[in-house]
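Enquirer: One structure coming up, written as structure tokens, with questions to follow.
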Amino acid sequence: MIKEGDKAPGASLEDMDGAPFTLAQFAGKPLVVYFYPKADTPGCTSEAQAFTALADNFAAAGAPVIGVSKDKPAKLRKFTDKYGLKVQLASDEKGGFCEAFGTWVEKSMYGRSYMGIERSTFLIGADGTVLKVWPKVKVKGHAEDVLAAVKAL
């Protein structure tokens, strides 16, 4: 997994409308990138709603928030519309971005191993350096912790 002090990897993603974008588009300002396993599941919905509830605070602090999963753009659009989300969601269908950040990991459930996204968040500084990493995120209170870190910049 990417560590604090590392440069954030540059990879191309698709937004929820299928348009390409990169993290370089956000150069010059801090950026929050959170990885979540799957859109429209209970934990991922709670996390997206928590970041949405604080979206105006993140905007006031000058730090956009981007959620990344391997879901197709069309699913992300439906997820956004269904819950009125105010954070930008991005699709990494091919998984290169997740792998570059080290969030594509082996997981285990009920004795079965499989590959999946580890819920993680990264605060990236204006210069592209990773300032803070939250691995293995527990959703409750997490968005507030990230906002506090952004405000402390």
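The values are calculated or read from the model by the stated rules, or taken from the named source; none is laboratory data. Just so it is clear, the model here is predicted, and its values are computed rather than measured. Every residue, glycine as well, gets a Cβ built from its backbone with ideal geometry; the counts of neighbours run over all protein chains shown. When the accessible area is computed, the model is the full protein with side chains, heavy atoms only, and any ligands, DNA or RNA have been set aside. Shrake-Rupley method; radii C 1.70, N 1.55, O 1.52, S 1.80 Å.
Enquirer: With loop defined by DSSP as not H, G, I, E or B, and exposure as at most 15 other Cβ atoms within 10 Å, which is the longest segment of the chain clear of exposed GluC sites (Glu not before Pro)?
Expert: It works out to 5-92.
Enquirer: Can you tell me which lysines have their Cα less than 18 Å from the Cα of Lys82? Leave out same-chain residues fewer than eight positions away.
Expert: Lys38, Lys72
Enquirer: Can you bin the range 4-153 into rounded, prolate or oblate? Criterion: square roots of the alpha carbon gyration tensor eigenvalues sorted a ≥ b ≥ c, rounded for a/c under 1.5, prolate for a/b above b/c, oblate for the rest.
Expert: rounded
Enquirer: Let me ask something else. May I ask you to evaluate 6.51 cos²θ - 1.76 cosθ + 1.60, the Karplus curve with θ = phi - 60°, for each residue of the range 4-10 and list the ³J(HN,Hα) values in order in whole Hz, giving x for glycine and proline?
Expert: Values per residue, Gly and Pro as x: 4, x, 6, 7, 5, x, x Hz.
Enquirer: Kindly identify the range 85-153 as rounded, prolate or oblate by the Cα gyration tensor criterion: order the square roots of the eigenvalues as a ≥ b ≥ c, call it rounded if a/c is under 1.5, otherwise compare a/b with b/c, prolate if a/b is larger, else oblate.
Expert: Prolate, because a/c is 1.5 or more and a/b exceeds b/c.
Enquirer: Oh, and also: May I ask you to list the aspartates and glutamates whose Cα is less than 17 Å away from that of Lys75, ignoring any residue fewer than eight positions away on the same chain?
Expert: Straight-line reach from Lys75, under 17 Å: Glu14, Asp15, Asp17, Asp40, Glu47, Asp92, Glu93.
Enquirer: Report, ordered by chain and residue number, the lysines lying within cross-link reach of Lys151, taken as a straight Cα distance under 17 Å and ignoring same-chain residues fewer than 8 apart.
Expert: Lys29, Lys132
Enquirer: What trypsin sites (Lys or Arg not before Pro) does the range 40-94 have in DSSP loop regions with at most 16 other beta carbons within 10 Å?
Expert: Lys94
Enquirer: Follow-up question, since we're still on this one. Using protein chains only and a probe of 1.4 angstrom, how many square angstrom of Thr129 are accessible, to the nearest 10?
Expert: About 30 Å², rounded to the nearest 10.
Enquirer: Below 11 angstrom from the Cβ of Val146, what's the summed charge of the other residues (Lys, Arg +1; Asp, Glu -1)?
Expert: -1
Enquirer: Per residue of the range 144-152, in order, report the coupling 6.51 cos²θ - 1.76 cosθ + 1.60 (Karplus, θ = phi - 60°) as ³J(HN,Hα) in whole Hz, putting x for Gly and Pro.
Expert: Each residue of the range 144-152 in turn: 5, 4, 5, 4, 4, 5, 5, 5, 7 Hz.
Enquirer: Rounded to the nearest 500 deg cm²/dmol, what is the calculated helix-only ellipticity per residue at 222 nm for the chain, with -39500 (n - 2.57) per DSSP H run of length n ≥ 4?
Expert: Helix-only estimate at 222 nm: -8500 deg cm²/dmol.
Enquirer: Let me know the shape class of the range 50-104, please: from the alpha-carbon gyration tensor, a ≥ b ≥ c as square roots of the eigenvalues, rounded when a/c is under 1.5, otherwise prolate if a/b is greater than b/c, or oblate.
Expert: oblate
Enquirer: Over the range 1-145, what percent of the accessible surface lies on carbon and sulfur atoms, probe 1.4 Å?
Expert: 53 percent
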